[in-house]
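Trainee: Here you go, one structure.
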Amino acid sequence: MTLATADAGGDPTARVLILKDVSPEGWEFASDEGSVKGRDLAARPYAALTFYWSPLARQVRVRGPVVRATPERCAADFLSRGAGARAEALLGRQSMPLADPAEWDAQVETSLVRIKNDPDLVAPGWTLYSLRPDSVEFRQGDKERRHTRLAYLATPEGWTKQLLWP
Ligand SMILES: Cc1cc2nc3c(=O)[nH]c(=O)nc-3n(C[C@H](O)[C@H](O)[C@H](O)COP(=O)(O)O)c2cc1C
């Protein structure tokens, strides 16, 4: 999925992320709190998600406030990752300038040794985020251009749904 965030000044940026789960907590994704997206969400905890399935001509858009999961759930997400992904995340340097790829290799190697010696090690900045949707829109593309757009909006009384002009 594509996650769009905005910084404290309102400037947007977007990147592709794994959707970890959709649960009563929200639409969940995980990253380093020190990354650009982590800093954006700390300053402005509101985001948008976009999904596109080309063979189905289907798009889903979601917007809403973002909350951090409990430390226990963040740790469980971190520990569910493979050793390589944990080693990388342990460095906690996502989105920082990298002067030399050899430095990255060396630091990942050191991280792998740390993980081997302590398999329960959790990166302190690793964060599971939940986006709590306040709007969800489904778009079904049609070969004859009779596209369908269906928007759901959260209200205090529950979800309302509304067709939109394509
Ligand atoms: C298919 C795919 C899946 C990705 N999944 C994640 C993810 O789950 N978490 C993450 O932090 N970065 C993920 N990335 C990397 C991000 O796109 C991005 O490069 C990185 O998180 C830094 O983003 P930022 O500088 O905007 O914070 C993924 C990239 C691709 C192409």
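Trainee: Summing -39500 (n - 2.57) over the DSSP H runs of n ≥ 4 in the chain and dividing by its residue number, what mean residue ellipticity at 222 nm do you reach, to the nearest 500 deg cm²/dmol?
Mentor: Value at 222 nm, helices only, nearest 500: -8000 deg cm²/dmol.
Trainee: Give the Rg/Rh ratio for the stretch 89-166, taking Rg as the radius of gyration of the Cα atoms and Rh as the Kirkwood radius, to two decimals.
Mentor: Checking Rg against Rh, the ratio lands at 1.31.
Trainee: What percentages, rounded to whole numbers, describe P(r) for the stretch 35-137 computed over all alpha carbon pairs with 10 Å bin width beginning at zero?
Mentor: The calculated distribution, bin by bin, is 13, 32, 31, 19, 3.
Trainee: While we're looking at this one, here's another question. How large is the charge dipole for the stretch 2-164, taken about the Cα centre, if only the Cβ atoms of Lys, Arg (+1) and Asp, Glu (-1) carry charge, to the nearest 20 debye?
Mentor: Charge dipole of the stretch 2-164: 800 debye, to the nearest 20.
Trainee: Working out 0.36 nm times the residue gap between L19 and E157, then minus their Cα-Cα distance, what length gain in nm do you get to one decimal?
Mentor: Extra length available between L19 and E157 comes to 46.9 nm.
Trainee: Would you work out which of L153, T110, G84 lies farthest towards the positive end of the dipole of the chain? Charges go on Cβ: Lys and Arg +1, Asp and Glu -1.
Mentor: Positive-most Cα among the choices belongs to L153.
Computed from the coordinates by the stated procedures, all read-outs in this text should not be read as laboratory data. Given the structure is predicted, the values throughout are model-derived calculations rather than measurements. FYI the Cβ positions are ideal-geometry reconstructions off the backbone, even for glycines, and counts take in every protein chain you see.
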